[in-house]
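Peer 1: To start, I am sharing the structure in question, which I have written as structure tokens.
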Amino acid sequence: MNKPVVIKNARIIDPASGMDQVGAVHVADGVIKGIVAGAPSGVPAEAEIYDARGQVVAPGLVDMRVFTGEPGHEYRETLASAAEAAAAGGVTTFVLMPDTLPVVDDGAIVDFIVRRAAATAKVNIVPSAAITKGLRGEEITEFGLLKEAGAACLTDGRRSIQSAGVMRAAMSYAANFDLPIVHHTADASLVGDGVMNEGTLATISGLRGIPLEAETVPLARDLQLAAATGARYHAAQISTAASIELIRAAKPRGEISAGISINNLALNENDVAPYRTYFKLSPPLRSEDDRQAMIEGLKAGVIDVIHSAHDPQDTEVKRQPFAEASEGAIGLETLLAAALRLVHSGDVPMMTVLRALTQRPAEILGLDAGRLAIGAPADLIVFDPDFPWVLAEANIVSRSRNTAFEGARLQGAVMHTFVAGRLVFGHAATREGQQ
Amino acid sequence: MDNPTSTGSRRPFPHRNLLGISELNQYEILDLIDRAEAMIPISRQPRKILPTLSGKTQINLFFEPSTRTQSSFEIAGKRLGAQVTNMSVKTSSVTKGETLIDTAATLNAMQPDVIIVRHGAAGAVELLSQKVGCSVINAGDGAHEHPTQALLDALTIRQHKGRLTGLTVAICGDIANSRVARSNLLLLGALQVRTRVVAPRTLLPRGIETLATEVFTDMREGLAGADVVMMLRLQHERAAGRLIPSVREYYRFYGLDAEKLAFAKPDAIVMHPGPMNRGVEIDPTIADGPRSVINQQVEMGVAVRMAVLDALLAEPTQLAQ
């Protein structure tokens, strides 16, 4: 059994309870035993003491959208290597997308992931399951059996269900099992051959554009179907100002939530130029006006969740002409630092950003995570919100290198990550000095 | 003024590659046009040789088939005395990019002095240029740029009009999918030429108004008072039923015929980058008529490509690097 842990001199921020105060956190037996204001008291003699020196203690991050390559493409990322990257980024729980080989569309594969994660991964990995068999968008999967096996939500991952009929059936049936439908909306006929945001930049670059309506048309459809069926619906990743309005209008009519990739909050289409394939993402990076609308949506609570959209791709599929390169970027290690940009710029309060990274995703998925409370699992992080660093390719923990933040100046770094009271990551800067 | 001068006393051209008009300022553009103008007599003399590239190796690497552009570059290289090798790369869509990087490394190892590349994907030529140690010329990358086409168009216009500044040039047709349109808009814009794009909404890309002076969806309005009418090839196999209803409707409203051309200035010239679809974007009697300068464009193409090769490769440039 691990020794008890006491973290003292911490700025404790817990969005679920609204706490933001200086104090100490006591951990033992994998759970939080005490949260006290001021100096710690009744510290067991054998406890390991961490002096946070005024740094923030917060719940471990819950990342709702992570791709790995296991099973099927282990050269990109395994559950274990993704977990290492997660721990380095302060992510203590992540949802694994079903886009694997084979696809997670069968209870046996969910079971494999649960066991494999328990055996190899140092953070909590929660499987999602495909909405449709083989992610083909045609036949719905065995929602009940998948839930029994451990799936926390239903999603077709990168794929978007084109048929309104299939989506309606999926939502109706999912409501029986109280499983949220998590859906990336992209109308294939509107995306067409598009590879970046439609607009002046795409035109100048000679690249085909993806119009905003490719996202909003199926989103409007889904929101109507969710209202009609009573399904719990999470718009996986929105990117346009118009989507904010759709979500805002739909929320009073049902259990509707929305997520956004940190990339769409921290970056815009100008980062793509010229032909930088590590910025080829889905949804595409949009205009600065859209990014600003996303920030407003986050502040207003229309956007519930920020995720990393961690999507490891090898250099072979990225070192291509832009139109032919694969989409996606890794993001577990930079999720918090990129999100803190919004805090440092004065755009969004710290509490709001952390809520979207902890409490809200846990609530939407029904997970016992994302909060600091007596008896809750001791999944927590200590981070220095001001620590300056530059992401160098050589220091990337993930097995893949396709980051959109290489060379970026970042402010804020995770110093310690605990999962169930066990230290799973310590920043290099903490190795001299204390502890 | 943009008058031709001799090639003898030029300062070195300050670029290793020609990837797009967007990389050039107006002086560099005019310099290349002047150099090209000086090359015209060489192709008209009995011994068509100016061996400034003697001993140089030129590779034409075409991922998309193009008889006319490839032969134009080949002839240009040979008239300058370069050793020219043509490589047509058959590609399957799956392995296209892999072939590009692999081919670049392979060709680079053969120590060429210049590689001329055409590729179906925007940015592909720039990507290749990062993997080789020699000069690279973009002979067309997707819907992005085709810089030598824009230069030869500008030279052709100047040959006929005596100037570029102050003219009005209407570019008509499939703007959305045209690298020729983009390079021309960039070049003409840099030289303070009034540019118009004329096309149905479905063939006008978002934000085109940042590249063109004026945008029209009606040919008569778009051609009114134009000095130059530049028609673009319509990929009608792709567009029909999707971006335009039919070829006959397109021809009726956007095909250049005598009636529409009458709205342009009486001395307006008609251009086309080729290959033409007669009866789709242009009436055969206009294409082959007295105002068409399409064959001169082809001749200027050789002069421009000689000038670009000479500017990038001839010794003063090498010394300057």
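The values are calculated or read from the model by the stated rules, or taken from the named source; none is laboratory data. Keep in mind that this is a model prediction, so the values were computed, not measured. Methodologically, a virtual Cβ is constructed for each residue, glycine included, from the backbone with ideal geometry; neighbour enumeration extends over all protein chains shown. To get the accessible areas, we keep the full protein, side chains included, count just its heavy atoms, and leave off ligands, DNA and RNA. Shrake-Rupley method; radii C 1.70, N 1.55, O 1.52, S 1.80 Å.
Peer 1: How large is log10 I(q)/I(0) at q = 0.07, 0.11, 0.12, 0.13 Å⁻¹ when the Debye formula is applied to the Cα atoms of chain B, each weighted equally and without solvent?
Peer 2: Debye output, listed in q order: -0.27, -0.67, -0.80, -0.94.
Peer 1: So what are the ³J(HN,Hα) numbers for segment A:15-28, from phi and the Karplus equation (6.51, -1.76, 1.60; θ = phi - 60°), rounded to whole Hz, Gly and Pro as x?
Peer 2: Result, ordered by residue: x, 4, 9, x, 6, 8, 8, 8, x, 9, 10, 9, 10, 7 Hz.
Peer 1: What average number of partner chain Cβ atoms lie no more than 10 Å from the Cβ of the residues making up A:272-279?
Peer 2: Average neighbour count from other chains, rounded to a whole number: 3.
Peer 1: Considering only B:ILE171, B:GLY189, B:THR217, whose Cα is most displaced toward the positive end of the charge dipole of segment B:157-222, charges sitting on Cβ of Lys, Arg (+1) and Asp, Glu (-1)?
Peer 2: B:GLY189
Peer 1: Please state, as a whole number in µm²/s, the translational diffusion coefficient that the Stokes-Einstein equation yields for segment A:390-435 at 20 °C and 1.002 mPa s, with Rh defined as the Kirkwood radius across alpha carbon pairs.
Peer 2: On the way: Rh = 12.5 Å.
Answer from the Stokes-Einstein relation: 171 µm²/s.
Peer 1: Next up: Give me the net charge of A:ILE262's neighbourhood, meaning all other residues with Cβ under 11 Å from the Cβ of A:ILE262; Lys, Arg count +1, Asp, Glu -1.
Peer 2: Numbers: positive: A:ARG65, A:ARG341; negative: A:ASP63.
Overall, the nearby charge balance is +1.
Peer 1: Hey, for a label at A:GLU142 modelled as a point 7 Å past Cα toward Cβ, could you say which residues of segment A:93-121 have their backbone N under 18 Å away?
Peer 2: A:102-115, by backbone N distance to the label point.
Peer 1: If the only charges are +1 at each Lys and Arg Cβ and -1 at each Asp and Glu Cβ, what is the size of the charge dipole of the protein assembly as shown around the Cα centre, to the nearest 20 debye?
Peer 2: 1460
Peer 1: If you count, for every residue in B:114-125, the Cβ atoms of partner chains within 10 Å of its Cβ, what is the mean?
Peer 2: 4
Peer 1: Right, here's the next one. Given Cβ point charges of +1 (Lys, Arg) and -1 (Asp, Glu) and nothing else, what value in debye, to the nearest 20, does the dipole of chain A about its Cα centre take?
Peer 2: 540
Peer 1: Remind me, relative contact order of chain A in percent, using alpha carbon pairs under 8 angstrom and six or more residues apart? Could the numbers behind the result be given before it?
Peer 2: On the way: 1103 pairs, mean separation 84.4, N = 435.
Relative contact order for chain A comes out at 19 percent.
Peer 1: A further question follows. Give the average, rounded to an integer, of partner chain Cβ atoms located within 10 angstrom of each Cβ in A:323-335.
Peer 2: Mean shielding by partner chains, rounded to a whole number: 2.
Peer 1: Let me ask you something else. Ignoring any ligand, DNA or RNA, what whole percent of the accessible area of segment B:21-67 comes from carbon and sulfur when the probe is 1.4 angstrom?
Peer 2: Summing carbon and sulfur atoms, their accessible area is 53 percent of the total for segment B:21-67.
Peer 1: First select every other residue whose beta carbon is under 12 angstrom from the beta carbon of A:LEU367; then total the charges, Lys and Arg +1, Asp and Glu -1.
Peer 2: My count for the surroundings of A:LEU367 gives -2.
Peer 1: Helix A:79-89 versus the longest principal axis of chain A: what angle, 0 to 90°, nearest 10, using Cα atoms?
Peer 2: Tilt relative to chain A: about 60 degrees.
Peer 1: Using a Cα-Cα cut-off of under 17 Å, which lysines could be cross-linked to A:LYS147, ignoring same-chain neighbours fewer than 8 residues away?
Peer 2: Within the straight-line limit of under 17 Å, A:LYS147 reaches these lysines: A:LYS133.
Peer 1: Using a 10 Å Cβ count of at most 15 others and DSSP loop calls, identify the longest part of chain A lacking such trypsin sites (Lys or Arg not before Pro).
Peer 2: That would be A:277-430.
Peer 1: Enumerate the amide H contacts of A:GLU70 below 5 Å, restricted to partners 5 or more residues apart or on another chain; note that Pro and chain-start residues carry no placed amide H.
Peer 2: Those qualifying (amide H under 5 Å, at least 5 residues apart or on another chain) are A:LEU79.
Peer 1: Using the charge dipole of the protein assembly as shown (Lys, Arg: +1 at Cβ; Asp, Glu: -1 at Cβ; taken about the Cα centre), state which of A:VAL22, B:GLY255, A:GLY38 has its Cα farthest towards the positive end.
Peer 2: So the residue furthest toward the plus end is B:GLY255.
Peer 1: Starting from the Cα-Cα distance between A:ASP368 and A:ARG115, subtract it from 0.36 nm times their residue separation and give me the gain in nm to one decimal. Show your work: numbers first, answer last.
Peer 2: Details: separation 253, 0.36 × 253 = 91.08 nm, distance 1.89 nm.
So the extension gain works out to 89.2 nm.
Peer 1: Once you keep just the Cα pairs under 8 angstrom separated by 6 or more residues, what percentage relative contact order results for chain B?
Peer 2: On the way: 624 pairs, mean separation 65.2, N = 321.
Over chain B, the number comes to 20 percent.
Peer 1: Evaluate E = 1/(1 + (r/R0)^6) for B:THR165 and B:ARG68, where r is the Cβ-Cβ distance and R0 equals 25 Å; express this FRET efficiency to the nearest 0.05. Working shown, then result.
Peer 2: Details: r = 29 Å, r/R0 = 1.16.
With R0 = 25 Å, the Cβ-Cβ based efficiency is 0.30.
Peer 1: Might you report the magnitude of the Cβ-based charge dipole of segment A:202-316 about its Cα centre, with Lys and Arg at +1 and Asp and Glu at -1, to the nearest 20 debye?
Peer 2: The dipole of segment A:202-316 has a size of about 300 debye.
Peer 1: I've got another one for you. Once the other residues with Cβ under 14 Å from the Cβ of A:PRO71 are scored (Lys, Arg +1; Asp, Glu -1), what is the net sum?
Peer 2: Residues close to A:PRO71 contribute a combined charge of -4.
Peer 1: Below 8 Å between Cα atoms, with a sequence gap of 6+, how large is the relative contact order for segment A:189-333 in percent?
Peer 2: Computed value for segment A:189-333: 23 percent relative contact order.
Peer 1: Now for a separate question. Just to check I understand the Karplus step: with θ = phi - 60° and J = 6.51 cos²θ - 1.76 cosθ + 1.60, what whole-Hz values come out for segment A:376-382, glycine and proline as x?
Peer 2: 6, x, 7, 9, 8, 10, 10
Peer 1: Let me ask something else. When the expected Rg is taken as 2.2 N^0.38 Å, what fraction or multiple of it is the alpha-carbon Rg of segment A:150-251? If you can, show how the numbers build up before the last one.
Peer 2: Numbers: Rg = 14.7 Å, N = 102, 2.2 N^0.38 = 12.8 Å.
That ratio works out to 1.15.
Peer 1: What is the angle, in °, between the Cα long axis of helix A:335-344 and the longest principal axis of the Cα atoms in chain A? Nearest 10 is fine, range 0 to 90.
Peer 2: The angle comes out at about 80 degrees.
Peer 1: So which GluC sites (Glu not before Pro) in segment A:379-435 are both in a DSSP loop and have at most 11 other Cβ atoms within 10 Å of their Cβ?
Peer 2: A:GLU432
Peer 1: Compute the acute angle (0 to 90°) between the alpha-carbon long axis of helix A:213-229 and the principal axis of greatest extent of the alpha-carbon atoms of chain A; round to the nearest 10°.
Peer 2: 80
Peer 1: Rounded to whole Hz and in sequence order, give me ³J(HN,Hα) for segment A:165-170 from the Karplus expression 6.51 cos²θ - 1.76 cosθ + 1.60, θ = phi - 60°, writing x for Gly and Pro.
Peer 2: Those phi angles translate into x, 5, 5, 5, 5, 4 Hz.
Peer 1: Picking from A:GLY297, B:LEU19, A:ALA88, whose Cα lies most toward the positive end of the charge dipole for the protein assembly as shown (charges on Cβ: Lys, Arg +1; Asp, Glu -1)?
Peer 2: Result: B:LEU19, furthest along the dipole toward the positive end.
Peer 1: What's the Kirkwood radius of chain A in Å, using all Cα pairs? Before the final figure, lay out the partial values.
Peer 2: On the way: mean 1/r = 0.0461 Å⁻¹.
By the Kirkwood definition, the hydrodynamic radius is 21.7 Å.
Peer 1: In Å, what Kirkwood hydrodynamic radius results for the protein assembly as shown from the alpha-carbon pair distances?
Peer 2: 28.7 Å is the Kirkwood radius here.
Peer 1: For a quick check: with amide H placed at 1.01 Å from N, whose amide H comes under 5 Å from B:THR85's, ignoring anything fewer than 5 positions away on the same chain?
Peer 2: B:GLN58, B:ILE59, B:ASN60
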